[in-house]
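What follows is calculated from the coordinates using simple rules that are stated; it is not laboratory data. Treat the numbers as computed from the prediction; the structure is a model and nothing was measured. So basically every Cβ, Gly included, is an ideal-geometry build from the backbone, and we count neighbours across all protein chains shown.
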Amino acid sequence: MKQGTVTRRGYLAGASAGTLGVLAGCVSSAGSSPDTLRVGAREAYVNAVSTSAGEWVKKQFEKRHGTTIEWVIKEQGMNDFIQRRKEDAPLDADAYVGVTPSDLVRADRVLTNDIDLFSPLDTIDTGSVVDEYWFDPQRRIVPTGASHVCIVYNDRKVSEPASFDALLDPEYSDGLLMANPQTTVTGLDFLLWTIHAKGRDDYLDYWEKLMKNNVRALKSWNSAYSAYESGEAPMVVSYSTDQIYATNEGKPLAKHRIGFPNDTGYAYISGVGKFADTDRGDLVDTFAQFLIESKVQRRTAVLNVGFPAVEDASLPKKYQPHVKKPETVIQYSVDELRKHADRWRSKWARQVASK
């Protein structure tokens, strides 16, 4: 059996490892000066296997504002901060970059009405933010980047999967890598995409067939993409802006083709949020304003391999021919996710664990 295959043993082992690693990467607040901004982020924002914006953002912000950014990376990402807030434990961070709709839904579900994880960024100018990228009805989270979840494939080894049903064909057996929907945003977005495509009553039947075709779910997007880069499979669930990375690194575009099953792609949008218990609120506001400046957006979009989130920034011309967009963008609203996402994911997990 190939490492990472979705089976009961693999699923349970991954779940245990995630539980034991909740506090991994914790950065203590001890000794942090008032001029130090502690920012939570996913590993991929700071240390992606492809390219990431964290180092550039840190350098530029520190140079301009005479302060220090301290990245706070938790193995379970936003879930760790949500749990700490529930337990009234120190967050050891002032803000978080990379908050997604599913993160926000989970926070609102886990925390009671009188406990806030985020406070509004209501002192900054967000007039340039693309309207369709706002996903938080209360606008606590300011969008900072976007892309579409898609299938990245190597056309020297397989043809483009034109539909979700095509992924069940023998041609694609052992061919698709993905991140675990239980622990990653990319994996969850792919699961939501299949639910939209196959229907709420039939998606588990589809996944049973997909598992029989040996789709493999790894611990993280970094793990899945690294395995794809190493040639372990000819397809990986990733982002439609992948060719920005390939162009930057001089990699053959044949290995970075973009596939949109059923001519659709799932919207990936993330943003910055200010933790409600921070005592560095003004500095967080300054940081958030910095992140949505047009020049910063233009650069971080390239480094994060995505789209700018503001109207007055665009990708450099050399990348624009390589940016692919689906005919139809799929995205469940925060209200829909609040009602259904946990149940859909739990049903998926039970099915995987039973195999």
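Quick query: amide H of V142 versus all other amide H atoms, modeled in the peptide plane; which residues come in under 5 Å with a sequence gap of 5 or more or a different chain?
V272
How fast does the stretch 34-182 diffuse by Stokes-Einstein, in µm²/s, taking the Kirkwood radius from C-alpha pairs at 10 °C and 1.306 mPa s?
Numbers: Rh = 18.4 Å.
D, rounded to a whole number, is 86 µm²/s.
For a quick check: with amide H placed at 1.01 Å from N, whose amide H comes under 5 Å from V72's, ignoring anything fewer than 5 positions away on the same chain?
So V72 has HN proximity to V39, G40, A41.
Against the 2.2 N^0.38 Å scaling, with N counting residues, where does the chain land? I'd like the Cα-based Rg ratio to two decimal places. Present the calculation step by step, with values, prior to reporting the outcome.
Numbers: Rg = 19.7 Å, N = 355, 2.2 N^0.38 = 20.5 Å.
Normalised Cα radius of gyration, the chain: 0.96.
Only sites in a loop by DSSP and with at most 16 other Cβ atoms within 10 Å count here; which GluC sites (Glu not before Pro) in the stretch 38-140 make the cut?
Within the stretch 38-140, the qualifying GluC sites (Glu not before Pro) (loop, at most 16 other Cβ atoms within 10 Å) are E87.
Using 0.36 nm per residue of separation minus the Cα-Cα distance, give me the extension gain between R200 and S333 in nm, one decimal.
46.3 nm
Considering the convex hull of the alpha carbon atoms of the stretch 188-309, report its projected area averaged over all viewing directions, in nm², one decimal. Walk me through the numbers before you get to the answer.
Values: hull surface 42.1 nm².
Hull-based average projected area comes out at 10.5 nm².
Put +1 on the Cβ of each Lys and Arg and -1 on the Cβ of each Asp and Glu in the stretch 148-279; which of A254, V237, G199 then has its Cα farthest toward the positive end of the dipole?
Projecting each Cα onto the dipole axis, the largest value belongs to A254.
List the residues of the stretch 55-98 whose backbone N lies under 13 Å from a point placed 7 Å from the Cα of I115 along the Cα-to-Cβ direction.
80-91
With θ set to phi - 60°, apply the Karplus curve 6.51 cos²θ - 1.76 cosθ + 1.60 along the stretch 265-275 and write out the HN-Hα couplings as whole Hz, x wherever there is a Gly or Pro.
Going residue by residue, I get x, 8, 5, 10, 9, 9, x, 10, x, 9, 5 Hz, with x marking Gly and Pro.
In terms of modelled amide H atoms, which long-range or inter-chain residues lie less than 5 Å from the amide H of L176?
R216
Quick check: pseudo-label points 7 Å beyond the Cα along Cα→Cβ at K212 and R350, how many nm apart are they?
Calculated label separation equals 2.2 nm.
Take each of the peptides 221-230, 234-243, 106-115, 331-340, average the number of other beta-carbon atoms within 10 Å over its residues, and list them starting from the highest.
My ranking of the peptides, most packed first, is 234-243, 221-230, 331-340, 106-115.
Taking every DSSP beta bridge that has both residues in the chain, what percent is antiparallel when rounded to the nearest 5?
The antiparallel proportion sits near 60 percent.
May I ask you to evaluate 6.51 cos²θ - 1.76 cosθ + 1.60, the Karplus curve with θ = phi - 60°, for each residue of the stretch 53-66 and list the ³J(HN,Hα) values in order in whole Hz, giving x for glycine and proline?
9, x, 5, 5, 4, 4, 4, 5, 5, 5, 5, 6, 10, x
Multiplying the sequence separation of E62 and S173 by 0.36 nm and subtracting their Cα-Cα distance, what value in nm do you get?
35.1 nm
So what J values fall out for the stretch 137-148 if you push phi through Karplus, 6.51 cos²θ - 1.76 cosθ + 1.60 with θ = phi - 60°, rounded to Hz, Gly and Pro as x?
x, 8, 6, 6, 9, 9, x, 10, x, 7, 6, 10
Based on alpha-carbon centroids, what's the gap between the stretch 75-140 and the stretch 170-215 in Å, whole number please?
A separation of 27 Å, based on Cα centres.
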